[in-house]
Amino acid sequence: MTVTIQEIRRIAALARLRLERGEARRMARDMSSILEHMTVLGEIAPEPARTSGVPQREGSTRLLGDASDGGGAPAEGARTMPDPLERPLSRIAPDWRDGLFVVPRLPGVAGTPGEPDGSP
Amino acid sequence: MKDSPLEAVIGLEVHVQLDTGRKLFCADSTAFGAPPNTAVCPVCLGLPGALPVLDAGAVDLALRAALALECTIHPISVFARKNYFYPDLPKGYQISQFERPLATRGAVELDNGRRVRIRRVHMEEDAGKSLHDRFASATAVDLNRTGTPLIEIVSEPDLRSPGEARSCLQHLKRLMEYLGISDCNMEEGNLRVDANVSLRKRGSERLEASTEVKNLNSFSAVEKALGVEIKRQTRIRAEGGAVTRQTLLWDAAGGNVRVMRDKEDSQDYRYFPDPDLPPLVLSAARVASLRAGLGELPRAKHERFRRQYGLPAYDADVLTSSRPLADYYEAVVACGRQPKTVSNWVMGPVLKTVKRGIADLSSPGLAPGRLAELLVLVDEGTLSATAAKTVLAGMARTGDPPGVIVRREGLMQVREDQVLARWVTDVVTAHPEEVARYRDGETRLLGFLMGQVMRASGRKADPRRVNQLLRAALDADAG
Amino acid sequence: MTANAAGVAARAAEVRSGRLAWGSMAAEALEAQGAWEQGAAPLNAFIALGPHADRQRRPRDGPLAGIPVAVKDNLVTGGFPTTCGSRILEGFRSPYEATAVRRLRRAGAVIVGKTNMDEFAMGSSTENSAFGPTRNPWHRERVPGGSSGGSAAAVAAGIVPVALGSDTGGSVRQPASFCGVVGIKPTYGRVSRYGLVAFASSLDQVGALGRTVRDAATLLEVVSGHDPRDATSVNRPVPPLAAACERGVRGLVVGVPREYFPSGLDPVVGRLAERALRALEGAGAELRDVSLPHTRYAIPAYYIIAPAEASSNLARYDGVRFGRRCRDADSTERLYELSRSEGFGTEVKRRILLGTYALSAGYYDAYYGRAQEARAAVARDFERTFRDGVDVLFTPTSPTPAFRLGERIHDPYRMYLSDVFTVTANLAGVPALSVPIGLAEGLPVGGQLMAAHWREDTLLTAAAALEAELGTVGSPPVPSGAGTA
Ligand SMILES: [Zn+2]
């Protein structure tokens, strides 16, 4: 097998998926067999100018609130206002208190009062 | 460090919030202090199906910063996804630039003349805020900040001391403020600094394991934390140990650094080009027009102000801290007023008025021509300096020209000898004791008597002439 | 069914003129839907139905006035839940609406329901739905294809005349082929993706399904056009698409790529494709043998790129802000793992793992990087062919007619091969369409047409000619009431 169960576990951890023992074994087997079919990609000669995953056909990315560059006047509904939320977040969020989304305390966070913390 | 065989090798990573007023990929406001989760929309909430669209204003500000840092601007740059899970990262990835940033290879020059190379300048979106102290055993998430436009400026490890790092940061801050790119408010997190530090044998070019110090949210934190970390690394090496690659958190209260995570188990961010955003293609014309709009940079302007106007360094510093201020100063001088006088007035009463929020530099009452008119009145002796300050306040408040206010409030300086002489005589008569002591040689009492005359005149008397008349009166009767 | 017999344009005209009540066709659609749910083998084409037409915001005129339209459940829709066929979004109601759906409403359409699909559009059979598989109306023990199987089945069953789907690797065309209806995937950038729940952003396009070429064209015309909310949507005028159906194929150069007629092709499919080519020739088109040599890299490239993008696109389903949350988690990390593991089905997990693997340190160049090269090579094949004077390519849509329920569900790679003829158009971003070309033992077979970027009009011209020459495949037998299957 090209993909080991250990590798599947590492990948599953990155993707925040929990796999039961049998599931991990089955995934390792499936992925090994799928990846075997991918080896033909090695025959492709590399092209130097790869810039993006998007098929690049028409100019550059369109810019919000801009007509000078990047293609095209901001036509219909050009965004000057944010898209409104037609349902309150309190009805969408699984746990919502005092206008805040709530999750169980992050591991390793002491909860230093008054010190908001951002992403690492 | 001076005599040590080791030298510090420091690089900075600076995040600067762009002052566009709106988010990078949606139209929400970035104003500080909105109630939590109110400045949000499907895009920055990462709702299913929502898509980012790049804000043109942010691109212009980022380009301006890159140009001011003498960078090479790349005609094509690519937004990538940095994938990781965190509650305040709604999409599960941050949109940033990775392999192909907006700009690379720039430089800034420090006050000591050293050039610090800039490795890259790229655009990215900010994450939200996790609040750990709000609820017991739970973390609360506010996504107002999510999607706020940032640039990250990465320097080469060209800094050799904490002082240099501080100076470099000050320089960057000044540049961003001057160009209107960011207000760089460090308390609100609009300027955030991480530093990479390592030590090496003086003169060596070898790259040593470095640590990254985070949470440097003031200039003094940068200087102090780097000092502490350099000492820590010096001690480790003196004890024969090896510095390991780590991410450290500066604890300002404790005055020390603590380990946040080991770099060895660094995350696998799985960067790849964001398929929702085609490459950012910049036309040469757009870049050229921004370059032209950049004008003279603060450093050059500072030097010119000192040379051309003969200003002290302090005055030049203050006056070139923002472009509107520098332009204002020059406009007043251009009306024919003496540069140092104008500097005193602008740095003093004018800025005070602006800071109090009574008016700003573009208010009609403070128009450069108006200020010049006011200064003419002072120079001519029509107005006393004190009265002129009152007039300035009136100009700022009402927008009326100085002449009108002077007439309306009767602030015209009194210079007729007849009138002045009467006030002088009155004061001399009313203070026989002080007059006698003055005549006995206690000449400093002249100031007191002057003050009495000015007060009697309602501060309208021409002080120069009063001084002459008073002296004459005191000395004459003595003879 | 009477409502759906005439073309969409004609029925909308009747509504606009007042001869037909605005909500009447929607009411008939809901009735027909009910009939198909009777018996031992319900169609299960819909995940959600209603609200009643009268409760929908709308103008009462427009090119789709009063036309009942079914919408794939990965387009966020006001007044309906949007689940993407996944437990993780069970009951989720979007606070905003997709651009394509807004345009439907603006055109006067009535949205009758959200159609079943493979979870997050990952599948080719609509068996990977958390809400049970959809059955093929032509043969209820067979799959309708996927992932837009619910939309294709709803149109084939005569419940609605037209439906929206999405096509990432063939998800509109392959089910259209299996169900005997027309399905078109426009040029990448033609229809806004704003509000289309992302599977693989660089490949996804909203597509139109219809009982006839004209109906599909009418629907596509309504949803097409630039949208400032989607940076990959292109600001180009939309040519009159319905009108293109009238043009005729005289002088049109039809390329026949040999890579799409392999020896392993189902012989019946091969015979029907051959017959379709003769029909095009008979109508005045010129046939030309061509080669798209990089076709064999398409499936491997697709099954790297699509899962890679999906692994990132699906990171937002973390139980924090919306959707399913596991209530037992005592830490955020557990919350992520449990919510996602309970919420996602096996195929979705498999693709997230595959994509995460392909992007992870040490494998990026070998997989994702190479796949991008392959994608570029596939795109160059198309560019060259169209530059050399070919107007449209003709191929089978799928190597086989509809397969049996359960037949491929345990063999992922074999399932992936269902897309072998369709993924190329997504990789290259060109428009492609599937049109019925006949029945093989009672099962519909579709022919695929592909054209250069922005030439949906050419596709429709050729498809309308095929439809005229070959006749339609008709409709599956209508269930007469409870007990029929
Ligand atoms: Zn937003």
Place a point 7 Å from the Cα of C:D411 in the direction of its beta carbon; the residues of region C:95-138 whose amide N falls under 19 Å from it are C:123-128
So the compactness index of chain B, its C-alpha Rg divided by 2.2 N^0.38 Å, takes the value 1.31
In whole angstrom, the spacing between the Cα centers of region C:399-442 and region C:262-336 equals 9
When C and A pair up, the total accessible heavy-atom area removed from solvent (1.4 Å probe), in Å² to nearest 100, is 6100
Ordered by number, the GluC sites (Glu not before Pro) in region C:203-302 that occupy a DSSP loop and have at most 14 other Cβ atoms within 10 Å are C:E246
Using a 1.4 Å probe on heavy atoms of the protein chains only, the accessible area for A:I11 in Å², nearest 10, reads 0
Rounded to 0.05, the calculated FRET efficiency for the beta carbons of B:Q418 and B:A334 at R₀ = 41 Å is 0.55
For the C:T472, C:H52 Cβ pair and Förster radius 35 Å, calculated FRET efficiency rounded to 0.05 is 0.65
In Å², rounded to a whole number, the accessible area per residue of chain B with probe 1.4 Å is 42
Pseudo-spin-label distance B:R464 to A:R91, built 7 Å along Cα→Cβ, given in nm, is 7.7
Mean separation of Cα contacts under 8 Å (at least 6 apart) over the residue count of region B:317-395, i.e. the relative contact order in percent, is 29
Rounded to whole angstrom, the alpha-carbon centroid of region B:141-211 lies from that of region B:299-354 at a distance of 29
Phi-derived 3J(HN,Hα) across region C:458-465 with the Karplus relation (6.51, -1.76, 1.60, θ = phi - 60°), rounded Hz, x for Gly and Pro, is 5, 4, 5, 4, 5, 5, 5, 5
Simple spin-label estimate for C:Q38/B:A300, 7 Å along Cα→Cβ, in nm, reads 8.5
For peptide C:188-196, the mean count of other chain Cβ atoms within 10 Å per residue Cβ is 3
Among B:S130, B:A367, B:G381, the residue whose Cα sits farthest towards the positive end of the charge dipole of chain B, when +1 is placed on the Cβ of each Lys and Arg and -1 on the Cβ of each Asp and Glu, is B:G381
Projected onto the charge dipole of the protein assembly as shown (unit charges on the beta-carbon of Lys, Arg, Asp and Glu, signs +1, +1, -1, -1), the Cα from C:A121, B:L226, B:N37 with the largest positive-side position is that of B:L226
Taking a crude spin-label model, label points 7 Å out from Cα along the C-beta direction, the B:E409 to C:R288 distance in nm is 8.7
Phi-derived 3J(HN,Hα) across region C:311-319 with the Karplus relation (6.51, -1.76, 1.60, θ = phi - 60°), rounded Hz, x for Gly and Pro, is 4, 7, 4, 8, 5, 6, 8, 10, x
For chain C, the dipole about the Cα centre with charges only on Cβ (Lys and Arg +1, Asp and Glu -1), to the nearest 20 debye, works out at 820
In region B:268-310, accessible area falls by at least 30 Å² from chain alone to full assembly (1.4 Å probe) for B:D268, B:R270, B:F272, B:P273, B:P275, B:D276, B:P278, B:P279, B:V281, B:R286
Using alpha-carbon positions, the gyration tensor of chain C gives root eigenvalues a ≥ b ≥ c; with a/c under 1.5 called rounded, otherwise prolate if a/b exceeds b/c, else oblate, the class is rounded
If N is the residue count of region B:297-409, its Cα Rg over 2.2 N^0.38 Å rounds to 1.03
Interchain or sequence-distant (5+) residues whose placed amide H lies within less than 5 Å of the amide H of C:V290 are C:V256, C:R258
Relative contact order of region B:417-476 (C-alpha contacts under 8 Å, at least 6 apart) in percent is 44
For region B:174-183, Karplus-derived ³J(HN,Hα) couplings (6.51, -1.76, 1.60; θ = phi - 60°; whole Hz; x for glycine and proline) come out as 4, 5, 5, 5, 4, 8, x, 7, 7, 7
Once all protein chains are kept in place, C:E37 shows an accessible area at probe 1.4 Å, nearest 10 Å², of 60
Any residue on another chain or 5+ positions along whose placed amide H is under 5 Å from the amide H of C:I437 is listed here as C:V445, C:G446, C:G447
For region B:417-476, the dipole about the Cα centre with charges only on Cβ (Lys and Arg +1, Asp and Glu -1), to the nearest 20 debye, works out at 280
Mean separation of Cα contacts under 8 Å (at least 6 apart) over the residue count of chain B, i.e. the relative contact order in percent, is 13
The correct ranking of C:I88, A:I5 by accessible area at 1.4 Å, largest first, is A:I5, C:I88
Taking only protein heavy atoms and a 1.4 Å probe, the highest-to-lowest accessible-area order of B:K214, B:K355 is B:K355, B:K214
Residues whose built amide H sits under 5 Å from the amide H of B:A103, excluding neighbours closer than 5 in sequence, are B:H74, B:V121
Expressed as a percent, the accessible surface of region B:23-145 that is carbon or sulfur, using a 1.4 Å probe and the full set of protein chains, is 50
Trypsin sites (Lys or Arg not before Pro) in region B:389-479 lying in a DSSP loop, each with at most 13 other Cβ atoms within 10 Å of its Cβ, come to B:R444
At the level of C-alpha centres, the distance separating region C:60-100 and region C:337-393, in angstrom, is 27
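The values are calculated or read from the model by the stated rules, or taken from the named source; none is laboratory data. Note that the coordinates shown come from a computational prediction; the quantities given were computed from them, not determined experimentally. Note: ideal-geometry Cβ built from the backbone for every residue, glycine included; neighbour counts use all protein chains shown. Protein only, heavy atoms only, side chains kept; ligands, DNA and RNA dropped before computing areas. Shrake-Rupley method; radii C 1.70, N 1.55, O 1.52, S 1.80 Å.
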